[in-house]
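For reference, the structure discussed in these notes is given below.
The values are calculated or read from the model by the stated rules, or taken from the named source; none is laboratory data. Predicted, not measured: the structure shown is a model, and the values here were computed from it. Positions of Cβ are backbone-derived with ideal geometry, glycine not excepted, and every protein chain shown enters the neighbour counts. Remember, those area values only see protein heavy atoms, side chains included, never the ligands or the DNA or RNA. Shrake-Rupley method; radii C 1.70, N 1.55, O 1.52, S 1.80 Å.
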Amino acid sequence: MSILSLSDWLETPQGQYLLQWESARFDVMVADIFGYNAVQIGLPEHEFLRGNRMPFRFRCARLGDAEVMSNAEALPFATATLDLVLLPHVLEFSPNPHQVLREVERVLVPEGHVIISGFNPLSLWGVRRLLARDDGAFPWRGQYLSVRRTKDWLALLGFETQAGSFGCYAPAVTSGKWLERWRFIDKAGDRWWPIFGGTYIIQGIKRVQGMRLITPNWRDRRAAAKRLSPVAQRGRQVTGGVQKTK
């Protein structure tokens, strides 16, 4: 088949191998993130937010079956309105990946989450990209960003990064039969060389300095109400200079 986009490549045996691992990781990572609004930017053909329980989940992309059509460098969302943003392989194929992250920081609420997947340049897949520099085919035409570089960019924007995950340790062979033969290396890679997986997923949380969550102070309210409550007075009667209490 003609590989004209990343979505086309994901239909190949290589792409299915990567998609299987990433879908499982996204399902786990988004499951316990709560809020109201979540958006997936890019790859609208695949539902990576399916494991999330927010009431409003949608997809944003420049092309394809998305609810919102937009470039990732200029998101059409108001500032501080989203609780979760997914970036599946957006940064390495963007002409301005740092601007994408700036936009994500802008639209996220304080303590909002961003989850990023990308191809790892320090892997056999990164070597494959170097060998295919001139052919212009997906996914080898992208500008692969290392985990360290991505974390540095997130830190500059005020994000606190969580521990990431690496996967897809098999060589970047095109045959589905050979990919199955190399499946055994995934378990060995997780144990012996975990940072050299062909793809990675990392999570960042938007931190706002000097901000703290204010909750209702029910205890002080109850104490104040108790101090102000009227005290019942028993009736008194004075007879012959002696005070008697009824």
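Which residues, counting only those in region 68-99, are in a helix (DSSP H, G or I) and either under 15 Å from the mean Cα position of the chain (by Cα) or more than 18 Å from VAL147 (Cα to Cα) (or both)?
Result: LEU91, single match.
Identify all residues within region 163-179 that are of a type outside the set (S, T, N, Q) and either modelled with pLDDT under 80 or over 30 Å from ILE205 (Cα atoms) (or both); write none if there are none.
ALA163, ALA170, PRO171, ALA172, VAL173, GLY176, LYS177, TRP178, LEU179
Those residues that are aromatic (Phe, Trp, Tyr) and in a loop (DSSP other than H, G, I, E, B), I need them from region 114-151; list them, please.
Across region 114-151, the qualifying residues are PHE138, TRP140, TYR144.
Scan region 15-45 for residues that are over 22 Å from ILE202 (Cβ atoms) and either among the acidic types (Asp, Glu) or assigned to a helix (DSSP H, G or I) (or both) and report the count.
Qualifying residue count, region 15-45: 2.
Tally up the residues in region 140-197 that are in contact with a Ser or Thr (Cβ under 7 Å, 6 or more places away or on another chain), more than 20 Å from VAL127 (Cβ to Cβ) and either of a type in the set (Val, Ile, Thr) or open to solvent by less than 50 Å² (accessible area, probe 1.4 Å) (or both), please.
1
What are the residues in region 182-208 that are part of a loop (DSSP other than H, G, I, E, B) and modelled with pLDDT of 80 or more, if any?
Residues satisfying the conditions are TRP193, GLY197, GLY198, ARG207, VAL208.
Could you list all residues from region 127-139 that are open to solvent by less than 20 Å² (accessible area, probe 1.4 Å) and in contact (Cβ under 8 Å) with a residue 60 or more places away in the chain?
Across region 127-139, the qualifying residue is only PRO139.
Quickly run through region 175-202 and pick out the residues that are of a type in the set (S, T, N, Q) and in contact with a helix residue (DSSP H, G or I) (Cβ under 6 Å, 6 or more places away or on another chain).
Scanning region 175-202 gives a single hit, THR199.
Of all residues in region 25-34, count the ones that are over 21 Å from ARG183 (Cα atoms) and crowded, with 18+ Cβ neighbours inside 10 Å.
Of the residues in region 25-34, 3 are over 21 Å from ARG183 (Cα atoms) and crowded, with 18+ Cβ neighbours inside 10 Å.
Being crowded, with 16+ Cβ neighbours inside 10 Å and more than 23 Å from PRO121 (Cβ to Cβ) is the filter here; which residues of region 71-84 pass it?
ASN71, LEU75, PHE77, LEU82, ASP83, LEU84, listed by residue number.
From the set of residues in region 106-115 that are surrounded by fewer than 20 Cβ atoms within 10 Å (Cβ to Cβ) and of a type outside the set (A, V, I, L, M, F, W, C), which is nearest to GLY197 (Cα to Cα)?
Only one residue tops the list, namely GLU111.
For region 46-61, which positions are without any contact (Cβ under 8 Å) to a residue 40 or more places away in the chain, open to solvent by less than 30 Å² (accessible area, probe 1.4 Å) and in a loop (DSSP other than H, G, I, E, B)?
LEU49, GLY51, ASN52, MET54, listed by residue number.
Being assigned to a helix (DSSP H, G or I), of a type in the set (Lys, Arg) and under 25 Å from ARG57 (Cβ atoms) is the requirement here; does ARG102 meet it?
When the stated conditions are applied, ARG102 passes them.
What number goes with the only condition from (1) open to solvent by less than 30 Å² (accessible area, probe 1.4 Å); (2) of a type outside the set (A, V, I, L, M); (3) within 14 Å of ALA172 (Cβ to Cβ) that GLY118 does not pass?
All conditions are met except number (3).
Scan (1) modelled with pLDDT under 95; (2) out of contact with any helix residue (DSSP H, G or I) (no Cβ under 9 Å at 6 or more places or on another chain); (3) outside any helix (DSSP H, G or I) for the single condition GLU111 breaks and write down its number.
So GLU111 meets the others, but not (1).
Please work out which one of (1) open to solvent by 20 Å² or more (accessible area, probe 1.4 Å); (2) among the charged types (D, E, K, R); (3) touching a residue at least 24 places away in the same chain (Cβ under 8 Å) is the condition GLU22 fails and give its number.
Result: GLU22 fails condition (1) only.
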